[in-house]
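**Student:** First, the structure itself, so that you have it in front of you.
Since every read-out is calculated from the coordinates, none of them should be taken as a lab result. Everything numeric in this text was worked out from a predicted model, so none of it was measured. In this analysis, Cβ positions are derived from the backbone assuming ideal geometry, glycine residues included, and neighbour counts consider all displayed protein chains.
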Amino acid sequence: MKTYGQFCSIARALDLLGERWTLLIVRELLCGSRRFGDLRRGIPRISRTMLSARLRELVDAGVVARDDGDEGPSYVLTRAGEELVGVVRELGTWGQRWLPRELPREELDVDALVWDMRRRVDAEALPSVPVLARLELTDTRGRAAVRYLLLRRSEVSLCSVNPGFPEELVVRAPLRTLTAWWRGDLSLADARSAGMVVQGRREWVRAFPKWFERYAFAAVTPAAEG
């Protein structure tokens, strides 16, 4: 681990937390991920080797605890790690307020988006019966990606193939449009005008946006509007 070589507490904290990927791992743990595979789904562009190395550094520093249970290792934030919630929240708020809201192409990621959608479902708002939502997203080059959200009050699952349920709800949108709606950059009406289409049972189409709590910083307005 590189060091700034300063006594300053900010510099010493950045020696650990300023490494690439480290705070994103903390973010995922704060959002409830516990398993190695779930951490990778939340940060799909990190390699297995890098994730292992960063987790080891956090464990060694006492920020994360590793539990080698019967079902494999799991990770949880220690008291020191949980105190980072304010750091992560303020960093996210600052980024949402002050950074440009128009995302470059390289920051549009299907898997990161749908994983965040999966963990932000309001289970109590779902219908009493399971609903399979098919998400068809096209990138800036016109290539389509399909993912499935199996929405149940007991559990929400994200799948790359249909798990065997009728496709009773279909969401079609450019990846940029769905991402912008999720982040709070577009209203639902504006997202629909930009190509987002939701098809299925009328009451479910109407209720679909209310099944999600949206992105954690969606309510933060840009600095120019605040």
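**Student:** Consider the candidate values (i) 26, 23, 16; (ii) 31, 18, 17; (iii) 33, 22, 16; state which one is semi-axes √(5λ) of the Cα gyration tensor in Å computed from the structure displayed.
**Tutor:** Correct label is (iii).
**Student:** A further question follows. Rank GLU71, GLU107, GLU168 by mean-square fluctuation in a GNM of the chain with C-alpha springs under 10 angstrom and give only the top-ranked residue.
**Tutor:** Between GLU71, GLU107, GLU168, it is GLU71 that shows the largest mean-square fluctuation.
**Student:** Would you please give the residues with an amide H less than 5 Å from that of LEU169, counting only those at least 5 places away or on a separate chain, with H modeled from the backbone geometry?
**Tutor:** The list, which skips near neighbours in sequence, is LEU132, ARG134.
**Student:** With springs connecting C-alpha atoms under 10 Å apart, model the chain as a Gaussian network and identify which of ARG202, ARG120, ARG183 has the largest mean-square fluctuation.
**Tutor:** Sorting by GNM fluctuation, first place goes to ARG202.
**Student:** Sticking with this one: Near the amide H of VAL64, under 5 Å away, which other amide H atoms are found, from residues 5 or more places off or on another chain, if H is placed in the peptide plane?
**Tutor:** Residues meeting the criterion, in which the H sits 1.01 Å from N, are VAL59, THR78.
**Student:** Also: For the ranges 43-52, 6-15, what's the packing order if you count other beta-carbon atoms within 10 Å of each residue, average per peptide, and put the highest first?
**Tutor:** 43-52, 6-15
**Student:** Right, next: So how far, in whole Å, is the C-alpha centre of the range 1-61 from the one of the range 125-171?
**Tutor:** After rounding, the separation between the Cα centres reads 30 Å.
**Student:** To the nearest 500 deg cm²/dmol, what mean residue ellipticity at 222 nm is calculated for the chain from DSSP H runs of n ≥ 4 alone, each contributing -39,500 (n - 2.57), summed and divided by the residues?
**Tutor:** Calculated at 222 nm, the ellipticity per residue is -10500 deg cm²/dmol.
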